[in-house]
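A.B. asks: The following block contains the structure, expressed as structure tokens.
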Amino acid sequence: QAALGIGPGGDVPGNRLQYVPKHAINAGAQVTTPFVGEWLLIARADVTYASKIYNDAANTSWIGSRTRVNLRLGVEQNGYRVQAYCNNVTNDRTPMVIVPARDLLGRINSSVQEMEGRKCGLTLSAEF
């Protein structure tokens, strides 16, 4: 532990907390406007950003920053909605987290949770 700079009680002076980005930003905007007849046009954009995340208390392993952009465009009338969407438009595949672990024999066996890639589609919904 001394080689990692970990002090008594698990203190790691001057290091960032593991799994916690220094900066995290979430922003979204939505516009709803009349379209054709009684139909409304709805457009929405959401952006999330997280800076570098350390995977260990000694700050020797990290995941780079990541940005995710989600877009929606659709129409709505009297409880009926048709909406096209695209999540992770930039196809940012930066891992969400890496959890270092050891197996029963002491070998390093880390677990990686990857971010889902770009996913686009169409949704149809009705409210009754």
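The values are calculated or read from the model by the stated rules, or taken from the named source; none is laboratory data. Just so it is clear, the model here is predicted, and its values are computed rather than measured. FYI the Cβ positions are ideal-geometry reconstructions off the backbone, even for glycines, and counts take in every protein chain you see. Side chains included, ligands, DNA and RNA excluded: accessible areas come from the protein's heavy atoms. Shrake-Rupley method; radii C 1.70, N 1.55, O 1.52, S 1.80 Å.
A.B. asks: Only one of these is touching a His at 6+ places or on another chain (Cβ under 8 Å), touching a residue at least 24 places away in the same chain (Cβ under 8 Å), open to solvent by less than 90 Å² (accessible area, probe 1.4 Å) and on the phi < 0 side of the Ramachandran plot: Ser61, Ser51. Name it.
C.D. replies: Ser51
A.B. asks: Out of curiosity, is Asp103 at pLDDT below 85 and charged (D, E, K, R)?
C.D. replies: Spelling it out, Asp103 is indeed at pLDDT below 85 and charged (D, E, K, R).
A.B. asks: Okay, moving on. Counting just the residues of segment 9-36 that are open to solvent by 80 Å² or more (accessible area, probe 1.4 Å) and among the small types (Gly, Ala, Ser), which one comes out nearest to Cys120 (Cα to Cα)?
C.D. replies: Here the residue is Gly14.
A.B. asks: Report the residue count in segment 33-48 for those that are in contact (Cβ under 8 Å) with a residue 40 or more places away in the chain and in a strand (DSSP E or B).
C.D. replies: Going through segment 33-48 one residue at a time, the tally reaches 1.
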